[in-house]
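Below is one structure; the comments refer to it alone.
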C-alpha cells in the first residue's frame, strides 16, 4: 500500500512536469517591443526572453511604471545584441507580472509586457509609463537563469550572485533609435532551448527554479527504493 501511494505521488509530479510549457519572447526584434508582449502562462511554465538587440527585462509593479517591483521580481541585466543570449524564469502562480526594459527611454516608448494580464492592462501601464521621466533597474541580474548559445549550438549558463536591491539612478545605456510601438499578442508554447539551470538568489514569489521539481523527484525515488 505504501509503495502504491508513493507511485501515485510520483506519477502526479511527473504529470505536472510534463504539462509545463515554454513560452519564447523575442526582446527588441523589430523595434522597442517584446514579442509577444502579453503572455498567458500556467503555474510551472517557463518564460524565455531571447535578446535580439541590447535590452533588459525587469519585473515591475503596475502602480509604478518603469520601476522595479518592490518585492521579489527578476532582472536580466544588460544583455548584448548578439541574438544568442536568453534569460529564463519559471512561473510559480498565475498572478499578473508586469515587466519592462530599463534602458533609458525604452520603457517610456512602450517597451513593456505582462504575464497573465488581469484587470490592470498592459495598455494602461504603457500609457502611464509614457508620462515618467526615467527608468530604474536593480544593481545586478537576479531571479532567473542567464544563458548564452554558441554558434555550434552548445549552451552555457551564468550564475548571478547579486542582491535584488534597486539602484536609484537611471539606466546608463543610451536609447536606440527605434519605433516605440508595442505589438500585443498571446504567446504560444514552444520547445525550450537546452540550458543548464543555474542557481540565482531572490526569485519572486511567482517564480521558482526547475531545480525544485528535480529535488522532489529525487526524494520520491529515494523513498521508493527504501521500500
**OP:** With the checklist (1) part of a loop (DSSP other than H, G, I, E, B); (2) closer than 15 Å to residue 146 by Cβ; (3) touching a strand residue (DSSP E or B) at 6+ places or on another chain (Cβ under 6 Å) in hand, flag the one item residue 77 doesn't pass.
**Re:** (3)
Subject >> When residues of region 69-88 are limited to those that are buried (at least 20 other Cβ atoms within 10 Å of the Cβ) and more than 18 Å from residue 52 (Cα to Cα), the one farthest from the chain's Cα centre (by Cα) >> reply: 69
Subject >> region 114-128, subset in contact (Cβ under 8 Å) with a residue 40 or more places away in the chain and part of a loop (DSSP other than H, G, I, E, B), residue nearest to residue 91 (Cα to Cα) >> reply: 116
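Checking the condition out of contact with any helix residue (DSSP H, G or I) (no Cβ under 9 Å at 6 or more places or on another chain), in contact (Cβ under 8 Å) with a residue 60 or more places away in the chain, surrounded by fewer than 24 Cβ atoms within 10 Å (Cβ to Cβ) and part of a strand (DSSP E or B), which residue from 48, 104 passes?
Checking each option against the conditions leaves just 48.
None of the figures in this text is laboratory data; all of them are computed from the coordinates on show. Remember, predicted model here, so these are calculated numbers, not experimental data. We place every Cβ from the backbone using ideal geometry, glycine too, and count neighbours over all the protein chains shown.
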